1. So Gly55 clears everything in (1) in contact with a helix residue (DSSP H, G or I) (Cβ under 6 Å, 6 or more places away or on another chain); (2) not in a helix (DSSP H, G or I) except one condition, right? Which one?
2. So which of Gly136, Gly124, Gly79, Gly115 ends up being at pLDDT 95 or above and either closer than 30 Å to Arg6 by Cα or not small (Gly, Ala, Ser) (or both)?
3. Which one of these is over 19 Å from the mean Cα position of the chain (by Cα), loosely packed, with under 10 Cβ neighbours inside 10 Å and either assigned to a helix (DSSP H, G or I) or at pLDDT below 90 (or both): Arg60, Arg21, Arg30?
4. Return the residues of region 70-92 that are of a type outside the set (Lys, Arg) and more than 25 Å from Arg60 (Cβ to Cβ); say none if nothing qualifies.
5. Any residue at all in region 63-71 that is surrounded by fewer than 12 Cβ atoms within 10 Å (Cβ to Cβ), of a type in the set (Phe, Trp, Tyr) and outside any helix (DSSP H, G or I)?
6. Given the conditions (1) within 15 Å of the chain's Cα centre (by Cα); (2) within 23 Å of Glu17 (Cα to Cα); (3) surrounded by 12 or more Cβ atoms within 10 Å (Cβ to Cβ); (4) not small (Gly, Ala, Ser), which single one is not true for Tyr134?
7. Those residues that are surrounded by 10 or more Cβ atoms within 10 Å (Cβ to Cβ) and outside any helix (DSSP H, G or I), I need them from region 1-18; list them, please.
8. Residue pairs, Cβ under 9 Å, 6 or more apart or interchain, first in region 107-119 and surrounded by 13 or more Cβ atoms within 10 Å (Cβ to Cβ), second basic (Lys, Arg). List them.
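The values are calculated or read from the model by the stated rules, or taken from the named source; none is laboratory data. Note that the structure is predicted; figures quoted are calculated from it, not measured. Using ideal geometry, Cβ is built from the backbone for each residue, glycine included, and neighbour counts are taken over all protein chains shown.
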Amino acid sequence: MKLASRMERIGTETAFEAAARARALEATGRDVIHLEIGEPDFDTPRHISEAATRGLLDERMTHYTPATGIALLKAAIVGDVKHWKGIEATPEHVIVTPGAKPIMFYAMPALINDGDEVIYPNPGFPIYESMARYVGGVAVPAPLP
């Protein structure tokens, strides 16, 4: 099978390599706060795990969901954003995805044309530069202090 030529432009995800290096530092006794793969550095709070378990046992919650997310979850996100950030939103403004990469993959091909400059934070997640190049953009790092 021959892959599309755009596959030559996609980079690798180095966050897991960074996680391995961080774990190696931890093994030497260093105190490390893990931010490398976007996964929280703490266990899921029990009340959340219990709510997820109840949801899985409810047969209505184990079928396909709307592509933009479950209405109750979107409404809860709207309330949370208003409470903590003071941002007014409606559920129509919310899309729930299993992480940031899928929504980036949806947005970047829709917004970036070949040759468009894509400014991304550096240091930042490696996927920013990789996705910009993948869709034909010119990745431009913006150094962070």
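1. So the condition that Gly55 fails would be (2).
2. The match here is Gly115.
3. Exactly one of Arg60, Arg21, Arg30 is over 19 Å from the mean Cα position of the chain (by Cα), loosely packed, with under 10 Cβ neighbours inside 10 Å and either assigned to a helix (DSSP H, G or I) or at pLDDT below 90 (or both), namely Arg60.
4. The answer is Val81, His83, Trp84, Gly86, Ile87, Glu88, Ala89.
5. Yes - at least one qualifying residue is present in region 63-71.
6. (1)
7. Selection gives Ile10, Gly11, Thr12, Glu13, Thr14.
8. Val118/Arg133
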